[in-house]
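The values are calculated or read from the model by the stated rules, or taken from the named source; none is laboratory data. The structure presented is a predicted model; accordingly, all values stated were derived computationally and were not measured. Heads up, the Cβs are rebuilt from the backbone with ideal geometry, glycines too, and the neighbour counts pull from every protein chain shown.
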């Protein structure tokens, strides 16, 4: 497949990354769908180019999935894609325990843990996406039901790759729901952090703070907006910041 054809195929995955529409009726109870069982599989012939581009952004496919662990926001995709083709060329089944990821080699297996309720599932990653900002994995409907994120549409999760030779370990639930922040910058010099915070506040953005933290063995002053009570609130703040010219924004969890 050419890079252009691949990009067009991947682009289709983005159009319904997270949906609140009710799934079509089926005799399968998604809450009872078992975890995917990790097994040794060859790298798929499709969906694994060295890199590809979607919406003008380049994604480099990782050479291996070994040791991969990431925390961030998960979404889910379902009815609009049910029966369509995944990036590996397999048919997408919203009632199977599968997922989409931007850079992990296909196929791969990962344990996905909802950090706000402790639920976890093992999924087989066979698709590309999600390409919406601040999302790290797109889950099948069945996986989203098991993790209890269908109603909200998104959740904070940990994605940890597992393999047939390394049984998955369960991630302990947080003591409480993790808080979301939009982080505009981190500085060794507190005065630089204060200047950025004042600039943000001057645009009318509320909840701007300068927090002391550490990174790379040194003290950093982090400019953050929050805590924010939902992923939707985070997205709204990020959009306001970018509209005001503050483009270097990242998701921070506490």
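When 74, 44 are checked against the criterion of being in a loop (DSSP other than H, G, I, E, B) and either over 21 Å from the mean Cα position of the chain (by Cα) or modelled with pLDDT of 90 or more (or both), a single residue qualifies: 44.
This table checks each residue for (1) assigned by TED's automatic domain parsing to the domain that holds residue 63; (2) at pLDDT 95 or above; (3) in contact with a helix residue (DSSP H, G or I) (Cβ under 6 Å, 6 or more places away or on another chain).
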residue: 96; (1), (2), (3): yes, yes, no
residue: 104; (1), (2), (3): yes, yes, no
residue: 107; (1), (2), (3): yes, yes, no
residue: 111; (1), (2), (3): yes, yes, no
residue: 117; (1), (2), (3): yes, no, no
residue: 122; (1), (2), (3): yes, yes, no
residue: 128; (1), (2), (3): yes, yes, yes
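Within the range 78-91, the set of residues being at pLDDT below 95 and buried (at least 17 other Cβ atoms within 10 Å of the Cβ) comprises 78, 81, 82. Residue count for the range 95-139 under the criterion of being in a loop (DSSP other than H, G, I, E, B), within 14 Å of the chain's Cα centre (by Cα) and farther than 24 Å from residue 64 by Cβ: the result is 4. Is it the case that the range 57-70 has a residue that's within 20 Å of residue 154 (Cβ to Cβ), modelled with pLDDT of 90 or more and in the same structural domain as residue 121 (by TED's automatic domain parsing)? Yes, some residue in the range 57-70 is within 20 Å of residue 154 (Cβ to Cβ), modelled with pLDDT of 90 or more and in the same structural domain as residue 121 (by TED's automatic domain parsing).
Filtering the range 229-250 to residues that are within 18 Å of residue 136 (Cβ to Cβ) and in contact with a helix residue (DSSP H, G or I) (Cβ under 7 Å, 6 or more places away or on another chain) leaves only 249. Looking at 193, 233, 252, 201, just one residue is under 23 Å from residue 133 (Cα atoms), part of a helix (DSSP H, G or I) and in contact with a strand residue (DSSP E or B) (Cβ under 9 Å, 6 or more places away or on another chain), and that residue is 233.
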